[in-house]
1. Looking only at residues in the range 186-211 that are touching a helix residue (DSSP H, G or I) at 6+ places or on another chain (Cβ under 8 Å) and crowded, with 17+ Cβ neighbours inside 10 Å, which one is farthest from Arg231 (Cα to Cα)?
2. When you look at Gln42, is it surrounded by fewer than 16 Cβ atoms within 10 Å (Cβ to Cβ), closer than 23 Å to Gly226 by Cα and either in contact (Cβ under 8 Å) with a residue 12 or more places away in the chain or not hydroxyl-bearing (Ser, Thr, Tyr) (or both), yes or no?
3. When both residues are 6+ apart or on different chains and their Cβ atoms are under 8 Å apart, which pairs have a first residue that lies in the range 72-98 and is on the phi > 0 side of the Ramachandran plot, and a second that is surrounded by fewer than 18 Cβ atoms within 10 Å (Cβ to Cβ)?
4. So which of Ala167, Ala151 is surrounded by 21 or more Cβ atoms within 10 Å (Cβ to Cβ), at pLDDT 95 or above, in contact with a Ser or Thr (Cβ under 6 Å, 6 or more places away or on another chain) and not polar (S, T, N, Q)?
5. Give Pro144, Pro122 a once-over and let me know the one that is farther than 22 Å from Pro10 by Cβ and either acidic (Asp, Glu) or touching a Leu at 6+ places or on another chain (Cβ under 6 Å) (or both).
6. Could you count how many residues in the range 153-173 are within 23 Å of Glu9 (Cα to Cα), of a type outside the set (A, V, I, L, M, F, W, C) and touching a Leu at 6+ places or on another chain (Cβ under 7 Å)?
7. Of these, Glu200, Glu178, Glu209, which one is touching a residue at least 60 places away in the same chain (Cβ under 8 Å) and of a type in the set (Asp, Glu)?
8. Can you tell which of Gln31, Gln54, Gln4, Gln89 is within 14 Å of the chain's Cα centre (by Cα) and over 25 Å from Leu229 (Cβ atoms)?
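The values are calculated or read from the model by the stated rules, or taken from the named source; none is laboratory data. Just so you know, these numbers come straight off a predicted model, no measurement behind them. Glycine also receives a Cβ, built like all others from the backbone with ideal geometry; neighbour counts cover every protein chain displayed.
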Amino acid sequence: MVLQHVAAEPLGLLDPMIRARGHRIRYVNFQRDPHAEPNLAQYDALVVLGGPMQVTDTHLHPHLKTEFRLIEQALALRIPVLGICLGAQLLAHVLGARVGPASRPEIGWHRVRTLAPAATDPVLHPMAADQAVFQWHSYGFEIPSGAVHLAESDDCPGQAMVYGDVAWGFQFHLELDEHLIRRWMNSPDYLADLAASGLEQTPKRILEETRHFLADTRMLAERVFGNWLARLGAGSTQRVLPSR
């Protein structure tokens, strides 16, 4: 099951990788149906994507409480979980960690350092010791009790974690391709977010750096997401990754 918050933040590179392994995909699109009440029965995994809201915005986005419940259910059933950006923050929140403003927003390409446990992590081990990845967030998460801290940056120490060898959270966006990054650079909402960040960052610079860094992160995405998908087994066993 894939929990989506806005149209501009889909599975991206993950979509064809999931389908190539024989899984079907069900998006639960909370922008389109904020009152959806999905159930994880029959599903092989849970992916929670990014979005512009914050974990504390339950009064504005009551579906966040539904997402808390689904993540809790997935952890209890030991169903593989992947949280990306907001999705990682939701996972951290469910596990009891603080989620709040980062010391400075990270928008565009920022360097992330892996920590010692990443070298033997079954999913993130292909990541270099110091690598530029694409970011778009002003909030970050602390590492929950019982989770393993896998990567950090100066402005947002919680960059990657794993909990119980079943749930991974990444603050950064490995799923983005050039098309999606360009889409964000042409979106009034994303441009307004960039302008309000106070960063000395421009769409032109982001696109220039995308041409420089994207090939490496696409290769990284294929390996990291491939490792995570390998934990689901063959699609023919089918419980499912839900479909639209």
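1. Among those that are touching a helix residue (DSSP H, G or I) at 6+ places or on another chain (Cβ under 8 Å) and crowded, with 17+ Cβ neighbours inside 10 Å, it is Gln201.
2. yes
3. Arg78/Gly164; Arg78/Val166; Gly96/Ser145
4. On the way: Ala167 fails: in contact with a Ser or Thr (Cβ under 6 Å, 6 or more places away or on another chain).
Of the residues listed, the single one that is surrounded by 21 or more Cβ atoms within 10 Å (Cβ to Cβ), at pLDDT 95 or above, in contact with a Ser or Thr (Cβ under 6 Å, 6 or more places away or on another chain) and not polar (S, T, N, Q) is Ala151.
5. Residue meeting the stated conditions: Pro144.
6. The total comes to 1.
7. Of Glu200, Glu178, Glu209, the one residue that is touching a residue at least 60 places away in the same chain (Cβ under 8 Å) and of a type in the set (Asp, Glu) is Glu209.
8. Testing whether each residue is within 14 Å of the chain's Cα centre (by Cα) and over 25 Å from Leu229 (Cβ atoms) leaves just Gln54.
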